[in-house]
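Right, one structure below, let's go through it.
The values are calculated or read from the model by the stated rules, or taken from the named source; none is laboratory data. Nothing here was measured: the structure is a model prediction, and the numbers come from that model. Positions of Cβ are backbone-derived with ideal geometry, glycine not excepted, and every protein chain shown enters the neighbour counts. Keep in mind that these areas ignore ligands, DNA and RNA; they rest on the heavy atoms of the full protein, side chains included. Shrake-Rupley method; radii C 1.70, N 1.55, O 1.52, S 1.80 Å.
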Amino acid sequence: MGATRGSFPHSSHSFGVVFVTSLILATCSANTGTSNGLTWWGVESFLRENVNGRLGAERLQEYLHKEFRWENREVDGRETLNKKRDAATNLFQSTITNLQRLRATIEANYEDWPTVARENISDHVLCCGEPPPTGCTILSTRLDRRALVRAGNPPDPVLRHLERMTIFNVTNYFVFDDGSLFVRSPKRKEHVDVCENYDPRSRHFYRQARSPEPRDVVVVTDGEKRGGLLLEHAISKVYMELTSIDRISLCLPYKDSCQTSKWYRESEQIDGPLGQKGFLGRLLFNNKYNREKLIKLLEETNYVPFSNHSAALKAGTDLLRNRYGSRYFEIAGHSHSVLVYVTKSCWEKWKENKQINSSLDLGISIVIIHLHDDGACGVEKGVVLKRNNATVTFSSFKDLEELRASEIGIASYGLMDVNRPVIPVPYWDAFGDGYIITVCVHLMHRASFVGVACSDLSIVNLLEAELNVDDVKDGYVFLVDRFGRALKHPLLPEVHSLTDDPTSVTIDKLEIAPEVRHILVKAVRQESGNERISGLYVESLGYPRGIDIPKAVRVRRRSLHYLWAPIYDTGLTLAVVLPLNDSSQVVSSVYSCKSQDQCTTSHFEYNEPRDHFEREFCNFFGKNVTKSKALVKFAPDCFIDVLAYVRGEIDPALVYAIFNRTQPYDSVFREDLMPSVKFLEFAEETWKSNLAAKVHEGIRYLGTEDGSFITFQGIELEQTFDHRDRSWYQAALPTPSTISITTPYCDGGMGMVCTMSKTLYNKLGHPQAVVAGDFKLQYMAAHFLDRVPYCKSQTCLLVDPMGFVVLKSDWEGRFYNGCRGEREIVGSHINFVAPDIARDLIAEKYLRRRACHEYDRDSTYYYWTLAFPAFRTFHEGPSYGIHKIADANLFLAYRTQGSNIIPCNCNPYPQGELIKCHDTCELECECPCLAGPDTIPCHNPNADVHRHHLPACKPRGPTLKTKQNYNNQTPSAQSGIRDCSEVT
């Protein structure tokens, strides 16, 4: 991004040439202006002194190069793909085989299966009581007391088969269409949050197993707005019947057609945020945020009813015919369509309605939800007409109570292949088993669907430990289903960190290169292959510390090797993406100790210290620290059993035994971490050799690419902590020779601090680790003014590549006492602090507006990037100058004369979704902010105002804070704990 970037930033020769050139150019430019002796290069020398002196970066880099044996070897992509696919195949195939046997047992006993009235089922057999060890029953809470159910008393052959299936360490169960479920192993009440309000038929696995083909659903609302809550709840009920493979649109009447002008402009017919074009410009995706948006539309919109029922049906049918669907649904095959008709008035001569017959001829099913006060107008309830594999279903409700008790939902198209297993998108388990994937088989009796038998698999280990390319820098794996939805991708949250159902994203929103389009088509169609292409690689930009905004990423063009193959009988395809070097090879660079003795650690201390008396309590954050020792922490994916580690089930004594060489590492860790831990130990020795008391210094830390991490002073961190997701780490990665500084943030023990970091690299020039440390903002400000005295009398800013202000000259002396006044500096942006400078930088196209989309919030986040063309290090504006600081991720902007500063009206402290971003064409005065639903989706390249490729934001993964609350705590309860240091 700056003038010092070469082909390999660590080259001392190229650095010298670029630095001298930059210095000459910048100095000449400065002398022609009014800099009045601006010693801007003093900032770079100050940063280097701290990074090499206090953090020991230079010494650590030398040790990394000289003390280890480095080996580069070529990687066989086909062998890598086969190994990963075999791991997934073995898991699914054994599960499918056992489920098919269970299905055969259930169907063989179905004729003689005893049914029991709900009121006669003992509480002892229910899961929400004290269930027996053989398993337990869950009944729909909406069932009538006299309703007959089957799952309360399974025959002995079924129970014996379930008992044999437990060896696969999964939850197995079957559900009947009568609303009863039997599960083995049993679930006690303290582990089931849904005991008081549960219906297994409304769960995601059941709905998709019953209707495995995707449906386009248009909700046509006829009748006046006076439908009120009943109308809202009726449409909400339709919404809740859908699965993540379905799509929904709302049709409100406007001159006997669907109203579009309020949300949709014809000039903006572009792909929607998740790759599914909106019928009205805002397709309502199946997640909780969009459900709220649907209700809001109903509340805020005024409309006049359709003139008649035929007009309403025709408007909805026309909407379906337009097929604004995702191209990946089209690749997988045309989806069916359902039209839902909500009305307040009686139907007349509905059987003779030509529009109904026309819809049925097109294969469009119709569900008529009749809201009324005085009867159903003489129409019977249920399926009243069938033709061409389509149906007309009628239901009638007079109040909310009757609506909620109804079992009638939108039409299901039944089963295309009863012998094919159904694997829904992974979801968060209602029974407390965390993030799971379910495999289901259909239960049939006399050619009719009667239920499903399923197994829940915890796929944390599969997706994080098995389906990873650990030995290839920048290599990755993605998993996609037959509908184009991504189940795994580097841009999706880490699965061990999830606490709720993830948002469904189609793979084309993550793999955006046009050159990859045909590969994605083949993968979705369950084909195999491999190709080498020039594609786009995603690189993280990080995010400012102390600000709750998405992590932005950008794309880089490079040569990539794509390999993909289906996981048979699952509807899933696995793809491996490997970067190619200049010789068109995939190369792995690994390091090891030169001898076994050299890897022996002498004072290894794990995240949970052996000597508990050495812990000291941090009163502000309530965490334990060790004052005199460093602590080593491993990322979750370092462990073979990621789930056991996250749940706190791995004994720390075993970890100590491994690094004391009394236990083999491969029984716990997925790779040999001995060299990394030895390197961390040397970092501790380096820091301890420089222990002069410095009140301005906070915790120092170092993290490696393979997941090892050390802090000094040692901090006990949560199991899910992974330093590679943190802003200080990600900001340092793109340029190994560059010193990076984060924006200021509040540390409870030190007050306002900044984090300084630097990348350490291997012999191929690839990032191997990042060393970092916290420094008081007061210390940074004082030395900044000492090195650049010009800024004592003029306004100066140190700005990062996203335009956020790292330091302002008048901050010095204002923050001695804790974090008082932090709102003035946390998240401060140049567009807000110096809008006149920002306007000129925008006009010169040095400051460019970009955007990214955060999938889990379905929101577009606008941000800025600040960069000069290659080898340019200085720009002089009408009343300011700006230098690129050599060897750092900073720009120094300073005023050369007084100017009329016009304040920016954009709120620099967005809370949740900001109500409004300024108009997308008015770029003069905008702070980073979250956009509303009418904003052009950022991941569409055509939506960038500067016509550059737009990144997608990496969805934020909520972090689980303790092993105790992994299963039982709500997300809100998991987010309230902080650490002594903001390394987290």
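Consider only pairs whose beta carbons are under 6 Å apart and that are at least six residues apart or on different chains; among these, list those whose first residue lies in the stretch 73-90 and is modelled with pLDDT of 90 or more and whose second residue is in a helix (DSSP H, G or I) and among the hydroxyl-bearing types (Ser, Thr, Tyr).
Hits for this filter: zero, empty list.
Residue by residue through the stretch 719-739, note down the ones that are open to solvent by less than 20 Å² (accessible area, probe 1.4 Å) and within 27 Å of Arg610 (Cα to Cα).
Once the filter is applied, which keeps residues that are open to solvent by less than 20 Å² (accessible area, probe 1.4 Å) and within 27 Å of Arg610 (Cα to Cα), the stretch 719-739 yields Thr720, Phe721, Asp722, His723.
Of the numbered conditions (1) buried (at least 23 other Cβ atoms within 10 Å of the Cβ); (2) modelled with pLDDT of 85 or more; (3) assigned to a loop (DSSP other than H, G, I, E, B), His883 satisfies every one except a single condition; which is it?
Status for His883: all satisfied but (3).
Mind checking which residues of the stretch 30-66 are outside any helix (DSSP H, G or I) and either within 15 Å of Thr755 (Cα to Cα) or modelled with pLDDT of 90 or more (or both)?
Leu55, Gly56
Conditions tested, residue by residue: (1) in contact with a Phe, Trp or Tyr (Cβ under 8 Å, 6 or more places away or on another chain); (2) in a strand (DSSP E or B); (3) at pLDDT below 75.
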| residue | (1), (2), (3) |
| --- | --- |
| Leu319 | yes, no, no |
| Ser337 | no, yes, no |
| Val342 | no, yes, no |
| Leu360 | no, no, no |
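Of the residues Glu671, Glu681, which single one is open to solvent by less than 20 Å² (accessible area, probe 1.4 Å), charged (D, E, K, R) and over 15 Å from Pro767 (Cβ atoms)?
After applying the criteria, what remains is Glu681.
From the set of residues in the stretch 742-754 that are open to solvent by 10 Å² or more (accessible area, probe 1.4 Å) and hydrophobic (A, V, I, L, M, F, W, C), which is nearest to Phe804 (Cα to Cα)?
Within the stretch 742-754, the match that is nearest to Phe804 (Cα to Cα) is Cys746.
Can you name the residue in the stretch 755-804 that is among the β-branched types (Val, Ile, Thr) and buried (at least 24 other Cβ atoms within 10 Å of the Cβ) and, of all such residues, is nearest to Ile882 (Cα to Cα)?
Here the answer is Val799.
Return yes when Gly135 is small (Gly, Ala, Ser) and over 25 Å from Ile459 (Cα atoms) and no when it is not. Before you say what the answer is, go through the steps one by one.
Working: small (Gly, Ala, Ser): yes; over 25 Å from Ile459 (Cα atoms): no.
So Gly135 fails the test.
More than 22 Å from Tyr206 (Cα to Cα) and not in a helix (DSSP H, G or I): does that describe Arg145?
Details: more than 22 Å from Tyr206 (Cα to Cα): yes; not in a helix (DSSP H, G or I): yes.
Answer is yes for this residue.
Return the total of residues in the stretch 463-497 being farther than 20 Å from Asp433 by Cα, crowded, with 20+ Cβ neighbours inside 10 Å and among the charged types (D, E, K, R).
Total meeting the criteria: 3.
Residue under question is Ile507, and the condition is that it be hydrophobic (A, V, I, L, M, F, W, C), under 28 Å from Val422 (Cβ atoms) and either in contact with a helix residue (DSSP H, G or I) (Cβ under 7 Å, 6 or more places away or on another chain) or modelled with pLDDT under 75 (or both); does it hold?
yes
Please state which one of Leu841, Leu866 is modelled with pLDDT of 80 or more, over 26 Å from Val753 (Cα atoms) and hydrophobic (A, V, I, L, M, F, W, C). I'd like the intermediate steps shown before the answer.
Details: Leu866 fails: over 26 Å from Val753 (Cα atoms).
Leu841 is the lone residue from the list that is modelled with pLDDT of 80 or more, over 26 Å from Val753 (Cα atoms) and hydrophobic (A, V, I, L, M, F, W, C).
Identify all residues within the stretch 530-574 that are open to solvent by less than 40 Å² (accessible area, probe 1.4 Å) and at pLDDT 90 or above; write none if there are none.
Matches in the stretch 530-574: Ile533, Leu560, His561, Tyr562, Leu563, Trp564, Ala565, Pro566, Ile567, Leu572, Thr573, Leu574.
Among the numbered conditions (1) under 30 Å from Glu531 (Cα atoms); (2) in contact with a helix residue (DSSP H, G or I) (Cβ under 6 Å, 6 or more places away or on another chain); (3) in a loop (DSSP other than H, G, I, E, B), tell me where Glu464 comes up short.
In the conditions (1) under 30 Å from Glu531 (Cα atoms); (2) in contact with a helix residue (DSSP H, G or I) (Cβ under 6 Å, 6 or more places away or on another chain); (3) in a loop (DSSP other than H, G, I, E, B), Glu464 misses (3) alone.
When only residues in the stretch 123-139 that are at pLDDT 85 or above and not hydrophobic (A, V, I, L, M, F, W, C) count, which is surrounded by the most Cβ atoms within 10 Å (Cβ to Cβ)?
Here the answer is Thr137.
Residues that are without any contact (Cβ under 8 Å) to a residue 24 or more places away in the chain: find the strands (runs of 3 or more DSSP E) completely inside the stretch 478-586 holding 1 or more of those.
The strands (runs of 3 or more DSSP E) meeting that bar are 552-567.
Do you know which residues across the stretch 587-627 are modelled with pLDDT of 60 or more and among the aromatic types (Phe, Trp, Tyr)?
Hits for the stretch 587-627 are Tyr591, Phe604, Tyr606.
Restricting attention to the stretch 789-804, which residues are among the aliphatic types (A, V, I, L, M) and at pLDDT below 90?
Kept after step one, since they are among the aliphatic types (A, V, I, L, M), are these residues of the stretch 789-804: 797-799, 802.
Answer for the stretch 789-804, where residues must be among the aliphatic types (A, V, I, L, M) and at pLDDT below 90: just Met802.
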